[in-house]
Amino acid sequence: MVSITGWLTICALIASCAAKQPVAQYRPLPPLREQDALENKWVQMRYDRIPEILERHGYDAWILTMREYAEDTAFRALVSSTTQFWGRRRTMWMFHTNPNVTSPFHFVSLKDDLWDGLLDTLEQVNPKKIAINVDEDMAFSDGLHTGEGHKLMSKLGKWADRVTPCRDIGVEVIATRAGGKEQLEMYRLLQENVWAMIQEGFSERVIEIGKTTAEDLMWWFRETMVWKLGSRTWFHPSVEIHRSPDEPAVEDHPAMREGDMLHVDIGIYAMGMNTDTQHLGYILRSNETAPPQSLQDGLAIANKMQDFNRLEMRPGLTGDQVFWAIRGDMTKAKLNEHGRIYSHPIGDYGHSAGAVIGMADWQTSIPGGGENKVLKDYWTSVELAGVNYIPEWRREQNFELEEDVYWCEETDRFEWVFGQQTEFHLVQPKNRKHGHGHQHGHGHKHHDHEHKHAGHGHRHGHKNLGHHTEASWMSRVAAKLGWDIVRWI
Ligand SMILES: *[C@@H]1O[C@H](CO)[C@@H](O)[C@H](O)[C@H]1NC(C)=O
Ligand SMILES: *[C@@H]1O[C@H](CO)[C@@H](O)[C@H](O)[C@H]1NC(C)=O
C-alpha cells in the first residue's frame, strides 16, 4: 500500500505528465541480417548475466537439455529468433559460476560425446548445487521434458543428487531485458509501427462507414503487419465495436456506424520481442467534432489507472503488492470499482516471465505469477479496463487500454515505451454536416452488446504454489512420473 506522501507524489506526477499523445510514423525495421546480428549481441549480454542470477539463488550450475521440437521454455531466450527456430538433435546448455571454465557449456549431438562432454565439464566446474527446469506452476521454469529429464538423470551419475529444481532462475533469465538501450530503441521502433498501424486502421482511410466490419479490420491489421511491417505476431488481433443500445445491434448489423466506439487488441513479434497494445477509436457523427464527454471521461479514468499501475511498479515488489497498491489508489481517487487491472510482463514471450499484476477475471493476489518480483531491466504490458457509466447508453462501459512500459534508470520509474493513448483515434463521418445534426429516428431498442475478448486469452489456470523442499524432491518426482532414478538418491 502506498503511504499518504506517496499518494500525493503520484497525484502530482499524474498532473504533470498529462502529455499529448505522440503521432507515430511507419518506420522500416533493419534488414534481417542486421536484426540477427543485434539479437545475437543481446543473447550474449544475457549469457553474461546468468552466472550472477545463479549465485543470487544459491546455485553453481543450470542445465538445460532438449530435443528438436521439444524445446525448453527458456530456449527462446537463448538464441536469435531470426535464424534459430528450433533446437537440433539433442541441444544442451550448462551455465555455471566457475570463472575458470567457459560458460555456457553448449553441445548439440545425439551421440554419447554430448554426455561425455557434460561429465568432463562437471568435473572441472564441480558445482555444489545444479538447477533444472522442473516446476509445477510456472511454465518458464518447467521446460525440461519428462523423457529428457529421465535421460539426464540416468546419465548424471554422482552429480544427480546435487540436482534440484529452481523456479526463480528460469523466470528471472527470461524476464531480464539484457540488451540495454539498443534493444529498447528497437522495441520502441516496433511500438511506433504498431501505433502507426492503429492510427491508420482507425481512420477514414481504412474504415468505410456503413461497409467495413470488425472482421474486415482485423484482417487488414493482420495483412498490414505482415506485408507493410514485415513482422509476425503472437496472437490474432481482435477488433470490437461498442455501440449505443438505440442503434441496430452489432450482431445483426456488423458494418461500422457513426457513433461507434472501436477497440483493438494487437501485438507484433520481431527480433525476439513481442508487443501488446490496446487502443480505442470513435466514429464521429456528422454533428460531432469529438466523442461524447462520457466516453472521453471513460478514457480519462483508464488513463489514471494506467498511471497508478506504471508508478506503483517498483523493482523488488511482487506483482501482488503492486496490484493491491493500485487498487488502493483507485479507491482513494474514487474511480469506478468495477475497473480491472491485468498487467503482465512482456519480452521474449507476449505473456512473459515475471510479476503478474491481477488477471482479467481474477482481481486479487495471483498464486504463482503474483509472487514473482518486478525487476530492473524489465518490461511490462500495462493492461486494464477502466469503467464509466455512459448515460447516453444507459449502462456501464469498459475502456480497455494497454501500453508497454520499461524501467528507466534516469527517471527511476517505469516509462511508456512509445506513449500513452490519451485521446480517441477519430474516424471522420462520411458527409460532415455542420451545425444541427439530424435525429436517427429508427427507434431500435437493443440489449447491451458489449463484446468480450475472444482474442488472446487472459485466463490462465493457476494452482496453489507448493514450495519444493530439496530433500524430498527427487523421490516425489520419481514416484509421480515413474522415473527409474531412485537409485541415484
Ligand atoms: C580458479 O582458479 C584460481 C587460480 O587457479 C583458483 O584460485 C580458484 O579457486 C579457481 N576458482 C574456482 C571456482 O575453481
Ligand atoms: C448529434 O445527433 C444525434 C442524433 O443523430 C443526437 O443524439 C446528438 O445529441 C447530437 N449531438 C450533438 C453534439 O449535437
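Dividing the Cα radius of gyration of the range 222-287 by 2.2 N^0.38 Å, with N the residue count, gives 1.39.
Can you compute the label reach from Arg49? Point 7 Å from Cα along the Cβ direction, backbone N cut-off under 19 Å, restricted to the range 371-387. Zone members listed by number: 372-382. Sequentially through the range 335-342, phi angles give Karplus couplings (6.51, -1.76, 1.60; θ = phi - 60°) of 7, 3, 6, 7, x, 10, 10, 8 Hz, Gly and Pro residues having no value and appearing as x. Sorting 396-402, 94-100 by their mean Cβ neighbour count within 10 Å, with the most densely packed peptide first, gives 396-402, 94-100. Based on the convex hull around the alpha carbon atoms, the range 259-378 presents an average projected area of 8.8 nm². Distance between the C-alpha centres of the range 382-397 and the range 67-105: 46 Å, rounded to the whole angstrom. Between Ala300 and Asp112, full extension at 0.36 nm per residue minus the direct alpha carbon distance yields a gain of 61.4 nm. Highest mean first, the peptides 404-417, 363-376 sorted by other C-beta atoms within 10 Å per residue fall in the order 363-376, 404-417.
Here is the link list: Lys151/Lys373; Lys111/Lys158; Lys128/Lys376; Lys128/Lys373; Lys334/Lys373. Which ones come out longer than 30 Å on Cα distance? Among Lys151/Lys373; Lys111/Lys158; Lys128/Lys376; Lys128/Lys373; Lys334/Lys373, the Cα-Cα distance tops 30 Å for Lys151/Lys373.
According to the Kirkwood relation over distinct C-alpha pairs, the hydrodynamic radius of the range 31-184 is 15.8 Å.
Laboratory data are not the source of any read-out in this text; all were calculated from the coordinates shown. Just so we're clear, the structure is a prediction, and the values are computed from it rather than from any experiment. When we count neighbours, we look across all protein chains shown, and the Cβ atoms used for this are built from the backbone with ideal geometry, even at glycine.
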